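Heads up: the structure comes next, in structure tokens.
The values are calculated or read from the model by the stated rules, or taken from the named source; none is laboratory data. None of the values given here were measured: they were computed from a predicted structure. Quick reminder, even Gly has a Cβ in these numbers, built from the backbone with ideal geometry, and neighbours come from all protein chains shown.
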Amino acid sequence: MDFLLANWMLILVALISGSMLLAPMVTGGGGAGISPAAAVQLINREKAVVIDVCETAEYQAGHVGGAKSIPLAELEAKLPAVVKNKATPLVLVCASGMRSGRAVAAAKKLGYDNAQSLAGGLKSWREANLPIEKA
């Protein structure tokens with residue numbers, strides 16, 4: 001008991017850091033996204049639509065083959081016109097995976113429940129040696 005009283009601050013720090021490490025597992029992974037291999041399977045098997053949320057210049061420099069360009073700022077306005085069926089699986093891509101995570105939240109807000117982010121973005125797609133198109 002004396003140990004607990006003497007080291008209460010260390011125990012508190014250990015409990016807080018442990019809970020912060022476990023939080024993403026409990027909440028569903030924190031939106032990390034799907035791997036490039038899983039994205040390819042989703043595209044091939046379920047006819048997922050790839051949406052690139054990068055700015056136009058980034059999209060033209062290189063993007064996933066067949067991806068449709070909708071910059072993140074325009075996603076809520078343009079997504080319903082590009083993908084009419086809300087049951088269609090979506091793979092949202094950006095350069096690093098950060099913007100596509102926000103894009104997933106916006107797509108789900110619009111009713112696209114099958115929206116997923118490509119973990120690591122276009123960078124992980126390149127590292128997996130998957131094809132890139134340039135506009």
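So here's what we get for this one:
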{"read-out": "Among residues of the stretch 111-135, those that are touching a Gly at 6+ places or on another chain (Cβ under 9 Å), assigned to a strand (DSSP E or B) and surrounded by 15 or more Cβ atoms within 10 Å (Cβ to Cβ), counted", "value": "3"}
{"read-out": "Test for Glu58: is it charged (D, E, K, R), under 13 Å from Ala115 (Cβ atoms) and in a helix (DSSP H, G or I)", "value": "no"}
{"read-out": "Qualifying positions in the stretch 79-99 - at pLDDT below 95 and closer than 17 Å to Ala37 by Cβ", "value": "Gly97"}
{"read-out": "Pair list, Cβ under 7 Å, 6 or more apart: the stretch 96-125 residue in contact (Cβ under 8 Å) with a residue 12 or more places away in the chain, other residue of a type in the set (Asp, Glu) and part of a helix (DSSP H, G or I)", "value": "Ala106/Glu76; Leu110/Glu76"}
{"read-out": "Breaking point among (1) within 16 Å of the chain's Cα centre (by Cα); (2) surrounded by 13 or more Cβ atoms within 10 Å (Cβ to Cβ); (3) part of a loop (DSSP other than H, G, I, E, B), for Lys108", "value": "(3)"}
{"read-out": "Qualifying positions in the stretch 47-90 - touching a residue at least 40 places away in the same chain (Cβ under 8 Å), of a type in the set (D, E, K, R) and either exposed (fewer than 11 other Cβ atoms within 10 Å of the Cβ) or touching a Leu at 6+ places or on another chain (Cβ under 6 Å) (or both)", "value": "Lys47"}
